[in-house]
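The values are calculated or read from the model by the stated rules, or taken from the named source; none is laboratory data. A quick note: this is a predicted structure, and the numbers were derived from the prediction, not measured. Don't worry about glycine lacking a Cβ; one is built from the backbone with ideal geometry, like all the others, and counts go over all protein chains shown.
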Amino acid sequence: MQPSDKALVPFVSVDNMMRLIHHVGIEQMITELAAEIEADFKRWELFDKTPRVAAHSPHGVIELMPTSDGEAYGFKYVNGHPKNTTEGLQTVTAFGLLADVYTGYPTLLTEMTMLTALRTAATSALVGKYLAPKGATTMAMIGNGAQSEFQCLAFKALCGIDTVRLYDLDPRATGKCATNLAGKGLTVVSCKTAEEAIEGAQIITTCTADKKYATILTDNMVGPGVHINAIGGDCPGKTELHRDILLRSDIFVEYPEQTRIEGEIQALEPDHPVTEMWQVITGKAQGRRDAQQITLFDSVGFAIEDFSALRYIKKAIEGTAFFEPLDMLADPDDPRDLFGMLMRAK
Ligand SMILES: NC(=O)c1ccc[n+]([C@@H]2O[C@H](COP(=O)([O-])OP(=O)(O)OC[C@H]3O[C@@H](n4cnc5c(N)ncnc54)[C@H](O)[C@@H]3O)[C@@H](O)[C@H]2O)c1
């Protein structure tokens with residue numbers, strides 16, 4: 001039996017996502033995603049917001065990230081399993097869905113492993129645009145795993161970074177990252193220690209994966225005026241920065257209710273002051289105040305960023321061959337005759 005049009009949902013496979021990214025261009029797509037995220041941060045107040053629903057285990061975490069703007073509803077399924085890479089699997093994989101609030105019918109199903117890397121990089125660099133010191137040219141990239149190249153290219157595209165200084169506990173990861181970034185318009189310096197990586201860097205990105213309270217940066221490593229983009233501390237019991245750095249920084253977050261559970265600030269008092277990025281982006285709160293200030297983006301990843309990415313993909317695939325129609329919704333001739341539909345299929 002041929003499915004009807006109503007049964008079909010556009011599905012973007014990993015293969016099609018990669019084709020789309022190359023069609024648009026990686027840096028161009030990150031830039032367009034950042035614009036989409038910025039636009040949604042500007043209408044932050046109208047979104048349904050909830051900390052993501054996390055299922056923790058000794059192995060990692062599985063999370064559901066829902067939100068809605070009243071017209072569309074979206075969610076992402078994402079995992080975080082730092083031990084996975086030792087078993088030939090990725091730390092983070094994801095897929096997501098967009099639906100029409102009026103009918104409740106899904107309108108897009110897509111891979112989001114690639115898309116998460118792009119949207120995380122886009123969010124980081126968007127925030128960097130508001131918080132990084134003026135004229136920043138060099139970024140330290142600590143943690144050279146799956147996210148790292150995307151982060152470097154995003155800061156190049158949106159913040160004018162021309163040099164990245166790489167460090168990872170595992171030199172093979174640094175080698176991989178340096179090779180992947182060759183010929184991409186960045187000066188790439190591979191470093192042997194985190195201390196070496198931060199030399200001369202105005203922006204420090206920490207993007208490591210370990211299921212513990214790690215200390216990727218100690219207090220004495222962070223000089224005045226630096227912007228820290230802390231990506232990897234995104235779960236209870238999983239952080240990257242020494243607490244003293246937090247006490248010297250002005251801290252910017254996505255959604256405090258989620259970040260206080262998952263971010264670096266889980267190490268602080270529950271009422272420690274933080275600034276929400278949507279308020280900086282809308283001009284309601286100040287971003288960087290002066291050249292001496294240490295700004296810290298305590299990033300954990302919030303559902304609205306994924307919603308922006310899902311809507312971007314829905315628009316981007318219209319009229320293209322970058323998706324397949326998936327027979328996903330049962331569509332009986334009589335909406336109440338689901339059983340009859342099943343019997344006729346025999
Ligand atoms: N904030 C967000 O929105 C967001 C989005 C996606 C991923 N993440 C997080 O970002 C982190 C990185 O993700 P990924 O997919 O690149 O993971 P990955 O496992 O591919 O890479 C992590 C890298 O960190 C390195 N590392 C671990 N401990 C280190 C240390 N002490 N010093 C230096 N390097 C160290 C590992 O060797 C590895 O190469 C994860 O913790 C993930 O949960 C956050």
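One line per residue, one yes/no per condition, for (1) in contact with a helix residue (DSSP H, G or I) (Cβ under 6 Å, 6 or more places away or on another chain); (2) more than 10 Å from the ligand (Cβ to nearest atom):
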position	(1), (2)
Ala117	yes, no
Thr123	yes, no
Leu126	yes, yes
Lys129	yes, yes
Thr137	no, yes
Phe155	yes, yes
Val164	yes, yes
Leu169	no, no
Inset, instruction - Run Arg260 past the list (1) closer than 26 Å to Phe41 by Cβ; (2) away from the ligand (no atom under 16 Å from the Cβ); (3) basic (Lys, Arg) and report the number of the one that doesn't hold. - result: (2)
Legend entry - Matching residues in the stretch 214-234 - criterion: being surrounded by 17 or more Cβ atoms within 10 Å (Cβ to Cβ) and under 25 Å from Thr91 (Cα atoms): Ala214, Ile216, Leu217, Ile228, Asn229, Ala230, Ile231, Gly232, Gly233, Asp234
Inset, instruction - From Glu240, Glu199, grab the single residue that is within 12 Å of the ligand (Cβ to nearest atom), in contact with a strand residue (DSSP E or B) (Cβ under 9 Å, 6 or more places away or on another chain) and at pLDDT 95 or above. - result: Glu240
Inset, instruction - Select from the stretch 62-92 the residues that are under 22 Å from Leu326 (Cα atoms) and buried (at least 19 other Cβ atoms within 10 Å of the Cβ) and list them in ascending order. - result: Tyr73, Gly74, Phe75, Lys76, Val78
Legend entry - Test: residue in the stretch 250-271 that is outside the structural domain of Glu63 (by TED's automatic domain parsing), more than 28 Å from Ala39 (Cα to Cα), surrounded by 21 or more Cβ atoms within 10 Å (Cβ to Cβ) and over 19 Å from the mean Cα position of the chain (by Cα): no
Legend entry - Set Leu268, Leu338, Leu342, Leu326: member being within 21 Å of Ala94 (Cβ to Cβ) and of a type in the set (A, V, I, L, M, F, W, C): Leu326
Inset, instruction - Go through the stretch 139-153 and give me each residue that's away from the ligand (no atom under 11 Å from the Cβ) and either of a type outside the set (A, V, I, L, M) or over 22 Å from Lys192 (Cβ atoms) (or both). - result: Cys152, Leu153
Legend entry - Residue list for the stretch 313-328, filter: touching a Ser or Thr at 6+ places or on another chain (Cβ under 9 Å) and surrounded by fewer than 16 Cβ atoms within 10 Å (Cβ to Cβ): Glu324
Inset, instruction - Name the strands (runs of 3 or more DSSP E) wholly inside the stretch 50-155 in which the number of residues that are over 29 Å from Asp250 (Cβ atoms) is 2 or more. - result: 53-57, 60-68, 72-80, 94-100, 106-111
Inset, instruction - Spot the failing condition for Lys211; the list is (1) assigned to a loop (DSSP other than H, G, I, E, B); (2) modelled with pLDDT of 95 or more; (3) within 10 Å of the ligand (Cβ to nearest atom), and only one is missed. - result: (2)
Inset, instruction - Would you mention how many residues in the stretch 275-287 are surrounded by fewer than 18 Cβ atoms within 10 Å (Cβ to Cβ) and part of a loop (DSSP other than H, G, I, E, B)? - result: 5
